[in-house]
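The values are calculated or read from the model by the stated rules, or taken from the named source; none is laboratory data. Just so we're clear, the structure is a prediction, and the values are computed from it rather than from any experiment. Positions of Cβ are backbone-derived with ideal geometry, glycine not excepted, and every protein chain shown enters the neighbour counts. Heavy atoms of the whole protein, side chains included, go into the accessibility calculation; ligands, DNA and RNA do not. Shrake-Rupley method; radii C 1.70, N 1.55, O 1.52, S 1.80 Å.
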Amino acid sequence: MTSTSTPPGLARFNTLEEHAAHSALHEACASTAWAERLLATRPYATAEDLYAASDAAMAELTAADLDEAMAGHPPIGRPKPGDPTSAREQRGMAGASDALKAEMLELNLAYQERFGHVFLICATGRTGEQMRDAVRERIGNTPEREREIVRTELGKINRIRLARLVEDD
């Protein structure tokens, strides 16, 4: 069945008062510039239009904007207490052994010391071992290469979070 009407969840987002829409977007990504770019191009006809706008906004973020976005993410293995989003996204670490959790803590600290920000990865669907292997692999990157990987990972996270935001009632 093909429909040209806007899905109900997206229609709801499109009609939110600006402050409420900004707050909803801030829950998806802590970058003010990203949220403002998405607000400026509302309304969206399809979820794909929203995702494309998100990708375009992500590509335009400055280093400071990326820092602001990353500040909204807790370290892998330590989701924000009381935050169901970070707990859900990091579910792969929930059942990890104490040894793996301790190793991730050490790797997170080493990564943060090297790059000046948390290790960021789209953790949804990944096991603790996969996240550990990714940080091990990425810690050897140049800061410039790592910044672009972070931009890509943030884009993936934002798409997942936007999908949750605009899913049908």
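Can you give the angle from 0 to 90° between the axis of helix 128-138 and the longest principal axis of the chain, with both taken from C-alpha atoms, to the nearest 10?
80
By how many degrees, 0 to 90 and rounded to 10, does the Cα axis of helix 143-166 deviate from the longest principal axis of the chain?
50
Please list His19, His26 from largest to smallest accessible area, probe radius 1.4 Å, with all protein chains kept in place. Can you show the working numbers first?
Numbers: His19 130, His26 85 Å².
My answer, sorted largest first, is His19, His26.
Nothing charged except the Cβ atoms of Lys and Arg (+1) and of Asp and Glu (-1): what's the magnitude of the dipole of the chain about its Cα centre? Round to the nearest 20 debye.
340
What's the angle, to the nearest 10 degrees (0 to 90), between helix 98-115's Cα axis and the longest principal axis of the chain?
Long axis of 98-115 versus the principal axis of the chain: about 80 degrees.
Among Leu10, Ala35, Gly77, flag the residue with its Cα farthest along the positive direction of the charge dipole of the chain, charges on Cβ as +1 for Lys/Arg and -1 for Asp/Glu.
Gly77
To the nearest 10 square angstrom, how much accessible area does Glu106 have with a 1.4 angstrom probe?
Ignoring ligands and nucleic acids, Glu106 comes out at about 130 Å².
Averaged per residue, what accessible surface does the chain expose to a 1.4 Å probe, in Å²?
53
Along Cα→Cβ, 7 Å out, is where each label goes; now give me the distance between the ones at Ala63 and Glu18 in nm to one decimal.
Spacing of the two 7 Å Cα→Cβ label points: 3.2 nm.
Considering all projection directions equally, how large on average is the shadow of the alpha-carbon convex hull of the range 1-77, in square nanometres?
On the way: hull surface 25.6 nm².
For the Cα atoms of the range 1-77, the hull's average projected area reads 6.4 nm².
With a 10 Å cut-off between alpha carbons and a GNM built on the chain, which of Asp49, Asp83, Asp65 moves the most?
Asp83
How much length, in nm to one decimal, is gained on full extension between Glu27 and Ala40, taken as 0.36 nm per residue of separation minus their Cα-Cα distance?
Additional length available on full extension: 2.9 nm.
Set Lys and Arg Cβ to +1 and Asp and Glu Cβ to -1, take the dipole of the chain about its Cα centre, and tell me which of Ala52, Gly95, Leu107 lies farthest positive.
Going by the Cα projections, it comes out as Gly95.
Cα centroid distance between the range 145-169 and the range 20-96, in Å?
Centre-to-centre distance over Cα atoms comes out at 6 Å.
Residue by residue through the range 25-35, which ³J(HN,Hα) values in whole Hz follow from phi under the Karplus form 6.51 cos²θ - 1.76 cosθ + 1.60 (θ = phi - 60°), with glycine and proline marked x?
Calculated HN-Hα couplings, in order: 5, 5, 5, 7, 8, 6, 7, 5, 4, 4, 4 Hz.
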